Amino acid sequence: MQVLQVQLEVGPDPAEVGRARRWARSRLAGSGIGDDEPLADTLVLLISELVTNAVVHTGCPAVLRMLFGGGGVRVEVADTSDRPPRPRHAAGEDTNGRGLELVDGLADRWGWQREGAGKSIWCEVDRAPAPPPAPVADQMVTPMVVPVAAQAVGRVSDQGAQVSPFRVRC
């Protein structure tokens, strides 16, 4: 299995999160994941959350890595803090504290591991098989055979003329 890995160094500034999102979108497009695919939006949101956590909660630089291969995408954000991630449960009105809950809900798998003197938080999203192509409007459509639903019997009109029998097709 061939794996492509790309990485970006991220400074310890919350403004770097936007740069990481833009970088990720361009790398996703380069790997064949179009900007209009739901997978792209999911991955960019996951990257945004993981990079935000790294720069806001550690105040340290981080490295964002994306690995493409094996039918999915793996995202890793490594930082130099040795503190493990701590999932929080935000209350309804809280304006933060939902990052790892989002990661847990959107990623197929996620976790963390020690890396050097710091740690790496990772998540993986499987690439769903492509849906079958939609029919094209100008393609020939095979007609459906429908049995005769009713047959009218000859009748006389109000003026006394015979009306021919006809078949009703559904």
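The values are calculated or read from the model by the stated rules, or taken from the named source; none is laboratory data. All figures in this text were calculated on a predicted structure; none of them were measured in a lab. Positions of Cβ are backbone-derived with ideal geometry, glycine not excepted, and every protein chain shown enters the neighbour counts.
Just a few scattered comments:
- Scope region 108-129; condition charged (D, E, K, R), farther than 16 Å from THR58 by Cβ and assigned to a strand (DSSP E or B); matching residues: ARG109, GLU124, ASP126
- Test: residue in region 79-101 that is at pLDDT 90 or above and touching an Asp or Glu at 6+ places or on another chain (Cβ under 7 Å): no
- Residue within region 109-128 that is loosely packed, with under 15 Cβ neighbours inside 10 Å, modelled with pLDDT of 75 or more, charged (D, E, K, R) and in contact with a Cys (Cβ under 8 Å, 6 or more places away or on another chain) present: yes
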